[in-house]
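Novice: Sharing a structure with you now.
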Amino acid sequence: MDRTVKALSLILSYPTRALQAAMPEIGGVLAADTRLTAATRRALRPLVEELAGRDIYDLEERFVLLFDRSRSLSLNLFEHVHGESRDRGGAMVSLVETYRAGGFEPATSELPDHLPVLLEFLSTQPASEMQETLANAAHIFEALNTRLIRRESHYSAVFSALLQLSGVSADTEAVAELLEQPEDDPGDLAALDAVWEESQVTFGPDPNAGCPQVHEMLSRMDAPTTPNSARDTAAK
C-alpha cells in the first residue's frame, strides 16, 4: 500500500474524532515522504495540526462549507468533467467496475468519484497505475489548489502533494478552462443556487467530449486490473 496516498485520502475525508486521533501518524507519514518537496511537507503541517487539535464541530463546518456547499471545490471529480449530464452516470458505472475488478469495495456512502475514495483505491494499486491516474487528473488538482489558495485554506497543500505524486505539470489550457467556470461562495446562498443551475461543465470545442485527459483515465479504468485484497475506506 502507498501510505502517503492513503494518508491524503484520509485528510480529505469528512472530519471525525477517529481521524483526529490518527493525525499524528498521518502527519508522520507525510513528513517522511521524500517524493514531496520540503516546501509541500511544510505546507501540510498546519493542516495536520488543525485537524488534530481544532474543535471537531469547527472542522466539520469548515469541511461542509468548502467541499459540500461549493460546487467549484467539489471532491467528486466527475462534477468537474461531466456536470449533471448523463455521461456522469456511465462514468460512475465504469469506475465501480474498476474498483470491483481490483478487489476493492468502498465502505462508504460517498459517490464512486469522490476523491478520497479514488485515492483509497489508488493506494492499493501498482505505483505506475497510481501515478498515471493522478497525472490524468492533474488539471483538476491544479484548479482546486488555486481556488483553495484564494480562500487561504490549508487544504490547498493536499492538492500540491497530489500534483507532485502525479509526476507531471498540469496542462495550463485545461486548468484555465476549469478556472473560467463560475466560482461559488458557500456563504452566498443566492450565488450558490445560481452556480448549481449552470449547465454542465464542458471542455474544448466539442461540448460532449469532456476533458481528453480524463477520458484517457476512464478508458484505462475500463480495462481489467489485477485483483488486490479489499481495503477498508474511511466513512463519515
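Novice: For the range 111-128, take each phi angle, set θ = phi - 60°, evaluate the Karplus expression 6.51 cos²θ - 1.76 cosθ + 1.60, and give the result in whole Hz per residue in order, putting x for glycine and proline.
Specialist: 5, x, 8, 5, 4, x, 5, 4, 5, 4, 5, 4, 5, 9, 9, x, 4, 5
Novice: Tell me the net charge near Phe159. Cut-off is 13 Å between Cβ atoms, Phe159 excluded, with +1 for each Lys or Arg and -1 for each Asp or Glu.
Specialist: Working: positive: Arg147, Arg150, Arg151; negative: Glu142.
For residues surrounding Phe159, the net value is +2.
Novice: So for each of 67-77, 163-173 I average, over its residues, the number of other beta carbons within 10 Å; can you give me the resulting order with the highest mean first? Each step should come with its number before you reach the end.
Specialist: Details: 67-77: 20.0, 163-173: 16.4.
Descending packing order for the listed peptides: 67-77, 163-173.
Novice: Now for a different question. Starting at the first residue of the range 144-160, write each ³J(HN,Hα) from the Karplus equation 6.51 cos²θ - 1.76 cosθ + 1.60 with θ = phi - 60°, in whole Hz, x for Gly and Pro.
Specialist: For the range 144-160, the Karplus-derived couplings read 5, 4, 4, 5, 6, 4, 4, 8, 6, 9, 5, 4, 4, 4, 5, 6, 4 Hz, x marking Gly and Pro.
Novice: Output wanted: per-residue J couplings in Hz (rounded whole) for the range 57-72, from phi through Karplus 6.51 cos²θ - 1.76 cosθ + 1.60, θ = phi - 60°, x for Gly and Pro.
Specialist: Values per residue, Gly and Pro as x: 6, 5, 4, 5, 5, 5, 4, 5, 4, 6, 9, 9, 9, 10, 5, 5 Hz.
Novice: Can you give me the long-range amide H partners of Asn76? Hydrogens built in the peptide plane at 1.01 Å from N, cutoff under 5 Å, separation of 5 or more residues or another chain.
Specialist: Leu115
Novice: If we sort 117-126, 29-38 on the protection proxy, mean other Cβ atoms within 10 Å, highest first, what's the order? Let's see the in-between values first.
Specialist: On the way: 117-126: 23.0, 29-38: 14.3.
Taking the mean over residues of other Cβ atoms within 10 Å, the ranking is 117-126, 29-38.
Novice: Hey, can you grab everything whose amide H is under 5 Å from the amide H of Asp171? Only 5+ residues off in sequence or another chain; H modelled, so Pro and N-termini drop out.
Specialist: For Asp171, whose amide H was placed from the backbone, the distant partners under 5 Å are His139.
Since every read-out is calculated from the coordinates, none of them should be taken as a lab result. Just so it is clear, the model here is predicted, and its values are computed rather than measured. Glycine also receives a Cβ, built like all others from the backbone with ideal geometry; neighbour counts cover every protein chain displayed.
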